[in-house]
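J.: Below is one structure. I have some questions about it.
What follows is calculated from the coordinates using simple rules that are stated; it is not laboratory data. The structure displayed is predicted, hence computed values, not measured ones. Here the Cβ is made from the backbone with ideal geometry for all residues, glycine too, and neighbour counts use every protein chain on show.
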Amino acid sequence: MSASTLWIGVGKTPPRPYTLADFYEQTTLLPGGHRRWLGRHSRQGVPLTGRTESVYRLSFRLTYDREPDGYVRGTCTLKHCVAGEHLADRIMRQSGNAGAEVATQ
Ligand SMILES: [Zn+2]
C-alpha cells in the first residue's frame with residue numbers, strides 16, 4: 001500500500017477564501033465610502049469574483065461575518081457599489097435598516 005493512497009478521497013483542495021485584504025486590493029475606495037470592483041464584471045455589469053458568486057455576497061460576508069440571507073442589494077445611489085456598509089440582505093431590509101426601498105415588491 002502506497003502512502004499516496006491515503007490522499008484518495010480527501011478531495012480537491014477548496015479554493016482559498018477571499019480575505020478582506022484581497023477584497024480591498026481589488027477595489028477602489030470612492031468619495032462617500034463607495035467601492036468599485038476592479039475585477040471581472042458580468043455583461044450586465046454585475047461585479048464577479050471569478051466564480052459564480054457576485055462580489056456583493058463576498059463583500060457582505062467579509063463585512064458582516066455571516067452568510068447573507070436572500071439577495072444582497074445595494075442601499076446607496078451608486079450603481080454596482082460593492083462597499084459592505086452599502087449592502088443589505090433580506091434580514092436587514094425587513095428590519096428597516098437599509099435605507100429607502102425602491103423596489104415595488
Ligand atoms: Zn456605495
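J.: Ranked by Cβ crowding within 10 angstrom, fewest neighbours first, how are 41, 34 ordered?
T.: By the 10 Å Cβ count, ascending, the order reads 41, 34.
J.: Taking 0.36 nm per intervening residue step and subtracting the Cα-Cα distance, what contour gain separates residue 95 from residue 40 on full extension?
T.: Gain in length upon complete extension: 16.6 nm.
J.: What does the extension gain come out to for residue 24 and residue 69, with contour length at 0.36 nm per residue minus their alpha carbon separation?
T.: In short, 13.9 nm is gained.
J.: May I have the convex hull volume per residue, in Å³, for the Cα set of segment 17-94?
T.: So the per-residue Cα hull volume is 93 Å³.
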